[in-house]
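The values are calculated or read from the model by the stated rules, or taken from the named source; none is laboratory data. No experiment lies behind these values; they were computed from the predicted model shown. Note that we place each Cβ from the backbone using ideal geometry, even for glycine, and neighbour counts take in every protein chain shown.
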Amino acid sequence: MSIKPIRVAVVEDDGEIRQLLRSMLMRAEQLQVVGSYPDADTFLAELDRIVPDVVLMDIGLPGMNGIECVRAAKPRHPAVQYLMSTVFESPAYIHEALCAGATGYLLKNAEPEAIIAAVHDIHAGGSPMSPAIARLVVASFQQQAKRDIQDHLLTDREKSVLDQLANGLMYKEIAAKAGISTETVRKHVRNIYEKLQVSSRHEAVRKVYPGR
């Protein structure tokens, strides 16, 4: 009995890259290219006709971007799997793409063998990601978990004091805004340092707000 090929579509605005991807996928075993499109609107207009198994989707499309395209397409055919192809190494983009309904995320510099393997993997139920992307995802989850723990440890007053420290306010200014004494602010700061296991304003701010 012959194995049914995986039906693949490509959405990529760069004509040269689109053709390279199409040719590469057509040469691969057990893959069938059912369409290649330069933008989201053209793909969405054809989606009901082609109904692919896997879509290799660029994020940086003209007009409607790839993430918005996945968000619009996924409810129409929930079984279709979307493999994002992009130059963006950003936790925000990754999170948004996954929330929109994408299942995999590859960088455009991925080797052809890696792209083909990812198509098979995603079709088989996996969630393929480039190693650099996987590290970003893990780091992002770790940072969020750390922030969640820190939020749980600090009282609302301590969070408020730390926010104002992060904004550069002095103890006297924090005290005046909160209607408390400067010594009370100092006590809050000591508690913050102890809970976060730091010894300075700079360390406390960096630990809770890594981007500052």
- Task: Can you give me the number of residues within the range 75-101 that are surrounded by fewer than 17 Cβ atoms within 10 Å (Cβ to Cβ) and either touching a Cys at 6+ places or on another chain (Cβ under 9 Å) or charged (D, E, K, R) (or both)?
- Result: 2
- Using the structure shown, decide if MET1 is modelled with pLDDT under 95 and either touching a helix residue (DSSP H, G or I) at 6+ places or on another chain (Cβ under 9 Å) or of a type outside the set (D, E, K, R) (or both). yes
- Note: among VAL80, VAL70, VAL34, just one is over 23 Å from the mean Cα position of the chain (by Cα) and modelled with pLDDT of 95 or more, namely VAL34
- Message: Tell me yes or no: at least one residue of the range 117-128 is in contact with a helix residue (DSSP H, G or I) (Cβ under 9 Å, 6 or more places away or on another chain), modelled with pLDDT under 95, crowded, with 17+ Cβ neighbours inside 10 Å and closer than 30 Å to ASN65 by Cβ.
- Response: yes
- Message: Between a residue in the range 71-100 that is farther than 15 Å from VAL8 by Cα and any residue that is among the β-branched types (Val, Ile, Thr) and at pLDDT below 90, which pairs come within a Cβ distance under 8 Å, given they are 6 or more apart or on different chains?
- Response: GLU89/ILE133; PRO91/VAL137; TYR93/THR86; ILE94/ILE133; ILE94/VAL137
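Every residue, every condition in (1) in a strand (DSSP E or B); (2) of a type in the set (Phe, Trp, Tyr); (3) within 25 Å of ALA124 (Cα to Cα), yes or no:
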{"site": "ILE17", "(1), (2), (3)": "no, no, no"}
{"site": "GLY35", "(1), (2), (3)": "yes, no, yes"}
{"site": "ASP48", "(1), (2), (3)": "no, no, yes"}
{"site": "PRO52", "(1), (2), (3)": "no, no, yes"}
{"site": "ILE67", "(1), (2), (3)": "no, no, yes"}
{"site": "ILE94", "(1), (2), (3)": "no, no, yes"}
- Kindly indicate the residue of the range 83-114 that is in contact with a Lys or Arg (Cβ under 7 Å, 6 or more places away or on another chain) and modelled with pLDDT of 85 or more and also nearest to VAL55 (Cα to Cα) among those meeting that condition. SER85
- Keeping to the range 47-70, report how many residues are surrounded by 15 or more Cβ atoms within 10 Å (Cβ to Cβ), free of Cβ contacts under 8 Å to residues at least 60 places away in the same chain and charged (D, E, K, R). 2
- Which numbered condition ILE59 misses (of (1) among the aliphatic types (A, V, I, L, M); (2) modelled with pLDDT of 95 or more; (3) within 20 Å of ASP121 (Cβ to Cβ)): (2)
